[in-house]
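Working notes, structure below.
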Amino acid sequence: SHLKAGIAGSRGAPSLRALPFLFLVAALLGMLPLLHSHGLQSDPVMASEPPHHYPAVISGNEPGDITAAPLGVSQEISPLPNHSSPGHAKNRKAFPVLGIDYTHVRIPFEISLWILLACLMKLGFHVIPSVSSIVPESCLLIVVGLLVGGLIKGVGESPPILRSDIFFLFLLPPIILDAGYFLPLRQFTENLGTILIFAVVGTLWNAFFLGGLMYAVCQISGTGLNDIGLLANLLFGSIISAVDPVAVLAVFEEIHINELLHILVFGESLLNDAVTVVLYHLFEEFANFEQVTVTDIILGFLSFFVVSLGGVFVGVIYGVIAAFTSRFTSHIRVIEPLFVFLYSYMAYLSAELFHLSGIMALIASGVVMRPYVEANISHKSHTTIKYFLKMWSSVSETLIFIFLGVSTVAGRHYWNWTFIISTLIFCLIARVLGVLGLTWFINKFRIVKLTPKDQFIIAYGGLRGAIAFSLGYLLDYEHFGMRDMFLTAIITVIFFTVFVQGMTIRPLVDLLAVKKKQETKRSINEEIHTQFLDHLLTGIEDICGHYGHHHWKDKLNRFNKKYVKKCLIAGERSKEPQLIAFYHKMEMKQAIELVESGGLGKIPSAISTVSMQNINPKALPVKRILPALSKDKEEEIRKILRNNLQKTRQRLRSYNRHTLVADPYEEAWNQMLLRRQKARQLEQKINNYLTVPAHKLDSPTMSRARIGSDPLAYEPKSDSGNLPIITVDPASPQSPESVDLVNEELKGTSCLPPSPEEDEEGLVMRVKDPSSPGTDDVFTPGAGDSPSNQRIMRCLSDPGPQPEPEEGEPFIPKGK
Amino acid sequence: MGCQSSHPSAIPELDEIMLETGFSQASVVRLYDRFQALDKEQKGYLSKYDLQGIGELAVNPLGDRIINAFFKEGEDLTDFRSFIRVLAHFRPVEEGKSNETGRPEPMNSRLRKLQFAFQLYDQDSDGKISRDEMLQVLRLMVGIQVTDEQLVCIAERTIQEADQDGDGAISFEEFATSVEKLNVEQRMSLRLLK
């Protein structure tokens, strides 16, 4: 990342600088147990509150963990019964000016400290660029976790273990939501068949193959492993066989592989959740009965469909409700992002409530709500959602890996060479065989086949992660006495896949020259051609009489346009065709980039410009430079300005997403949009007019004015679609694609001298004051006292000597 | 689909068709059935009217253009050979087949697919997509709600982006460049037409 690049120059110093930083963090964590034991002695009254007030969020329920201490303390309370009686004058202490009450803030304090550690770690890795380019972040984080765990253990406390409920309820959802909300839908649906086959059949194959083989190993080896039944082994197989989305994301994100492979592996890791849930519950229920009847198998099948489709259904419902809610949020923009997060989280929790697949619910809700919500919410909310999701998922991921490391140190382990090594080997074999077999089958149906290189990456990218660990952790001891061994095996496999496969995948990708992601933005051309080809293919399918992929997609789109969009999108945007929405989004992005790069401030002072911005008289200032004109031309210009300003306001309101609250940022982009449109139009007019025989009123200023006000002449019919006319930015460097021609034209003409004395005239040409590079004139509201602004106001308010002509009359009658 | 499958011997010029288009015999038979099903009066030819009778094509924005692509300039009827020749463009590309020199460009190659798509844009066949032609296509795809001004902006922007030699129109090479990333071989292939 750019941080790496920037620091690459000074390698030695940052790593030295980073060291005390890391020590500080480790020290902070080491302080935890000290603070804790201190806090317990501070106020016995406080400590005697029932232990369940400390919900023990971070610390697990393992014996010997931190929460065991208060129990000990409260037992000490009983011999001191009189201490708490108020008003007892004998043991009165001095009033404490300064005191420590750690127990009061303990839980939030510890949580914050852990999150802080995670964030500082992330920061730290980028300071040491050499390491982070070889080792993926996930590995580094696990190592950190190991170190911290070791540190805590060394201090004498027992380190916390990643509890399953915290993992599933708090750490996993942000990552999945982030993935689901920003899922590249086109590639996902195009490859859905492949992804589903990998997810469902692949996971089933892995689970049964591994479970069966491990059972065989257990039977054969005999040394204490004999009592692990087939079902227990199958359960173990189902836990370990699921590809983990967190690990996949963490590793694949860094290698920038091409979109097809990314979506295949990632999609598989998301969709196999349903299979994992079903298998896990199935085997867990029946692990202690050695017999599995046919009924159970059938019920298992049914359960799979219920779990997956039910999850999707729940997600869709919440997605639709969220989209519908967002339709009405135009007045309270600030809480829009919260709706997105809350509805998605509720979808996840509701699905988990019914033992449905929460991950699929989350993905479905994100996918369903996104197009409608994005059409309804403001740009700022969109940015907020994006950044919050990225932030949460990033922190979650970091925490998960750190906790994996800590849990490794903290947990009880039972190492059995045979079991663990064979697990490892069979895992890899199962994955490779599964991918090869399935690809052979899938390639019969794919247009773009999967090459052996692709297959290798898919197989190699099957990383296991924290989900497997948490599922293993959930097993209870009574039914699964070998739980510790399972956990050890799971952790071994996770470590192997994350460390070995994670570290080597990047050089392998380079070695095999796998196609990388193309980092280009989508252009309007591509969008148009994509839609064009979609229509074309749908038509050809219809001619062939074949109801294929395109046919159904087209039907869905039409249904969407006709019914769904009307319900879920507010106002006029419900009718906006996709192409137009795309175009607007693109324009806005570019306008914002332009503004952020300071393009507005760079107008050279020597060149005069004619420009007009969206006049919203009460909100924004307008700095413009106008040509010097004779008086009657001024009148005409004034008239036209007035007419078209009204039209502008009407017109723009229909495209403005929140008319009541004039968000200056959004106003700004409207103006940018207009400016650039006009610049382009100007170039086109120049092209036209330069070839047209010279008009009678031929002074440069007049021709400029004529051209500038041209759209009326261009569109003689008076439709309400006229954009404001005099918006020409010929010399502004920020509209690069337009107007070199016009620049030339203007540069050639003589630069008119500034005439500040002609204030009363209203429209005067003058040289624009050089604005300082930082200020964008669009964003300085309230500078309404500038002379040009006043002039404009006067111009606008002046009714003009002549009665207003009807709208649509050309500015300068042709041929006059 | 046709109610009964035709016998391969009933199809005229079967071998030449298979050679020219690269379709398998099964595909040719299937398409012949479809041809006959569309040809309601059993003329042996398809008229534009027959194709317009397909319901879904009527709602397709590009429906008319697609239909016209099957008919040669000025003609009103198309026989099976021309019909299948157009559909040959949409056969999936075979991977791994090297480009044998000396053989003519197969009909389903990337180049041919692009040429077919380009043809649909370029109605007057002057080898360029002018601004008006782009505007027409946009108007077809976008519908009635959008005003001319907006479409003009988009059309101009589109041409500006793609136009490299500055002639204000998109030539075939420029078109090919702008769809480079779109994976045309996959997009313009129908799996059933093997």
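We did not get these values from a lab; they are worked out from the coordinates using the rules stated. Because the structure is a prediction, the values reported are computed rather than measured. Glycine also receives a Cβ, built like all others from the backbone with ideal geometry; neighbour counts cover every protein chain displayed.
The set of residues in the stretch B:135-194 being within 30 Å of A:Gly545 (Cα to Cα), within 7 Å of another protein chain (Cβ to nearest Cβ) and more than 24 Å from the chain's Cα centre (by Cα) is empty. Would you call A:Leu210 more than 32 Å from the chain's Cα centre (by Cα) and outside any loop (DSSP other than H, G, I, E, B)? Judged against the criteria, A:Leu210 is a match.
Residues in the stretch B:71-85 that are under 19 Å from A:Gly545 (Cα atoms) and surrounded by fewer than 17 Cβ atoms within 10 Å (Cβ to Cβ): B:Asp79, B:Arg81, B:Ser82, B:Arg85.
Yes or no: A:Val265 among the β-branched types (Val, Ile, Thr) and over 25 Å from A:Leu404 (Cβ atoms)? Taking the combined requirement at face value, the residue does not satisfy it. Looking across A:Arg431, A:Arg446, one residue alone is under 31 Å from the mean Cα position of the chain (by Cα), farther than 28 Å from A:Ile115 by Cβ and assigned to a helix (DSSP H, G or I). It is A:Arg431.
A residue that is closer than 23 Å to A:His281 by Cα and assigned to a helix (DSSP H, G or I) can be found somewhere in the stretch A:364-386.
Scanning the stretch A:518-530 for residues that are of a type in the set (Asp, Glu) and facing chain B (nearest Cβ under 8 Å) turns up just one, A:Glu526. Go through the residues of the stretch A:221-235 one by one and say whether even a single one is surrounded by 18 or more Cβ atoms within 10 Å (Cβ to Cβ), out of contact with any Leu (no Cβ under 7 Å at 6 or more places or on another chain), part of a helix (DSSP H, G or I) and of a type outside the set (A, V, I, L, M). Checked the stretch A:221-235: at least one residue is surrounded by 18 or more Cβ atoms within 10 Å (Cβ to Cβ), out of contact with any Leu (no Cβ under 7 Å at 6 or more places or on another chain), part of a helix (DSSP H, G or I) and of a type outside the set (A, V, I, L, M).
Here is a yes/no grid of residues against (1) surrounded by 22 or more Cβ atoms within 10 Å (Cβ to Cβ); (2) in a loop (DSSP other than H, G, I, E, B); (3) in contact (Cβ under 8 Å) with a residue 60 or more places away in the chain:
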| position | (1), (2), (3) |
| --- | --- |
| A:Ala468 | yes, no, yes |
| A:Glu478 | no, yes, no |
| A:Ile490 | yes, no, yes |
| A:Met503 | no, no, yes |
| A:Arg506 | no, no, yes |
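Selection of the stretch B:47-63 for residues being crowded, with 16+ Cβ neighbours inside 10 Å and more than 10 Å from chain A (Cβ to nearest Cβ) yields B:Ser47, B:Lys48, B:Asp50.
In the condition set (1) crowded, with 24+ Cβ neighbours inside 10 Å; (2) closer than 16 Å to A:Thr423 by Cα, A:Val265 is compliant with all but (2). Of all residues in the stretch A:349-363, those satisfying the criterion of being within 11 Å of A:Ile176 (Cβ to Cβ) and of a type in the set (A, V, I, L, M, F, W, C) are A:Ile359, A:Met360, A:Ala361, A:Leu362, A:Ile363.
Looking at A:Ser357, is it crowded, with 21+ Cβ neighbours inside 10 Å and within 20 Å of the chain's Cα centre (by Cα)? No; evaluated as a whole, the condition is false for this residue. Looking only at the stretch B:32-42, decide whether some residue is more than 12 Å from chain A (Cβ to nearest Cβ), closer than 30 Å to B:Gly143 by Cβ and not polar (S, T, N, Q). Within the stretch B:32-42 (the criterion being more than 12 Å from chain A (Cβ to nearest Cβ), closer than 30 Å to B:Gly143 by Cβ and not polar (S, T, N, Q)), the answer is no, since none of the residues qualifies.
Within the stretch A:539-587, the set of residues being facing another protein chain (nearest Cβ under 9 Å) and not in a helix (DSSP H, G or I) comprises A:Gly545, A:His546, A:Gly548, A:Glu576, A:Pro577. Of the residues making up the stretch A:139-151, those that are in contact with a Leu (Cβ under 9 Å, 6 or more places away or on another chain) and crowded, with 21+ Cβ neighbours inside 10 Å are A:Leu141, A:Ile142, A:Val144, A:Gly145, A:Val148.
Among the residues of the stretch A:154-169, some residue qualifies, meaning at least one is closer than 23 Å to A:Ala347 by Cβ, hydroxyl-bearing (Ser, Thr, Tyr) and in a helix (DSSP H, G or I). The requirement of being touching a residue at least 24 places away in the same chain (Cβ under 8 Å), surrounded by 16 or more Cβ atoms within 10 Å (Cβ to Cβ) and either within 13 Å of chain B (Cβ to nearest Cβ) or part of a helix (DSSP H, G or I) (or both) is fulfilled somewhere in the stretch A:531-538, by at least one residue.
Scanning the stretch A:158-171 for residues being crowded, with 21+ Cβ neighbours inside 10 Å and touching a helix residue (DSSP H, G or I) at 6+ places or on another chain (Cβ under 7 Å) gives a total of 6.
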